[in-house]
Amino acid sequence: MEKVVIGLYEKTSYAERFAEYFCHNKNNCVDFRIFTMCDKISEFVKKTKIDVLLTDRKSVNDVENEKNVGKIIVLSEGNYVMENEKYSVIFKYQSVEEIIKEVLSDIADDDKVNINNTFVIKNNTELIGVYSASGGNIVLDYGVELALQMGKMRKTLLVCLEQLNGLDGALWPENENKKKSGVSNDEMSYVRGMSEVIYYLKKSGNKLALKLQSIICKKGEVDCIYPVEDYRDLQFLDKEGIGEFIKVVSEQMEYEAVIFIIGYLSEAFMELMQRCDKLYFKAAQNRMEFEKQNAFEKMLKRDGLSGSFDNVVFFGEDRNAC
């Protein structure tokens, strides 16, 4: 998709935070501009539209009549919204990363802001699934390990499609360091994840790439999307939703590899497994695991899918593919 042009109209040193952030953090979704004079905004919008302009309450009157500004968002010094507020409001004193995420989420949800979402930047993303018929935490740990390895070489997104959130407790390097030093894991603050993605897909939002940019969290060299907040949300992710999700992450975002940790079996996730370039499948290592794996293979035969999973790579033990 085309870049979102975000402007900041700020006359104080507050703007330096944004300059420093974008100097060290590349964002292929955002073209960020800083303006210290109103005349410069008028000059800029003669040639290029500003999708969103950030400013404080005192400066709104200076810019509200600019014709080629899609939307104004107020950076508020308090975490409250005034009665009869005309503009969207974002708390000013938080990290630049969180401000940008809130801005992108706001744009994605606002039908009045038009972004060209049909632009394809590439179509060679490798899709990788990780699944175990016998369940357990090994799928999560293996998926994280795979993402960490790939993240050193390629821009990688890890998508956790489990019913319950255990992502922060997986084998991340920081967790191993805490274990060695005897420090317990801190309780994680609320993070948005697949529940918001599924809700956005169900309401047929057409700016999913922006919504994903506002949800994705960074862990080391890997970008992550957390699991659903409520396991029931996964029931609303259908085959069409999976198709749209795959299309956006593979065509409109600059990921070279997307790893799906699949912890739930449904028609949508069976579709996902078939569309993956590789499906890492936990090999059975005891009688119970063999029974569950055989049951999975019988299910494939009943559904006419026997032999269609030619993308399977077993991990844990060598075995012929499904």
Residue-normalised accessible area of the stretch 245-322, expressed per residue, 1.4 Å probe, Å²: 50
Given charges at Cβ of Lys, Arg, Asp, Glu: the stretch 222-285 dipole, positive-most of M270, C224, Y280: Y280
Relative contact order %, the chain, counting alpha carbon pairs below 8 Å whose residues are six or more apart: 20
Extended-chain gain in nm, criterion 0.36 nm per residue less alpha-carbon gap, D303 and F91: 71.2 nm
Inter-site label distance for E98 and F290 at 7 Å from Cα along Cβ, in nm: 5.3
Structure-derived Cα extents along the principal axes in Å: which label, when the choices are (1) 79, 42, 38; (2) 73, 48, 38; (3) 96, 30, 27: (2)
Mean Cβ neighbour count within 10 Å, used as a protection proxy, ranking 265-276, 302-313 highest first: 265-276, 302-313
For peptides 225-238, 126-139, 27-40, sequence by mean Cβ density within 10 Å, most packed first: 126-139, 225-238, 27-40
All lysines inside 20 Å of K247 as judged from Cα atoms, apart from same-chain residues fewer than 8 positions distant: K3, K122, K155, K202, K203, K207, K211, K239, K278
Set of lysines near K40 by C-alpha distance (under 20 Å), chain-local residues within fewer than 8 positions excluded: K11, K49, K58, K67, K71
Apportionment of accessible area to carbon and sulfur, the chain, percent (1.4 Å): 45
0 to 90° range, to nearest 10: angle between helix 138-151 axis and the chain longest Cα axis: 50
Rough spin-label spacing in nm, given labels placed 7 Å along Cα→Cβ, for E43 and K239: 5.7
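The values are calculated or read from the model by the stated rules, or taken from the named source; none is laboratory data. Just so you know, these numbers come straight off a predicted model, no measurement behind them. Don't worry about glycine lacking a Cβ; one is built from the backbone with ideal geometry, like all the others, and counts go over all protein chains shown. Ligands, DNA and RNA are stripped out before the accessible areas are found, and what is left, the full protein with its side chains, is counted by its heavy atoms. Shrake-Rupley method; radii C 1.70, N 1.55, O 1.52, S 1.80 Å.
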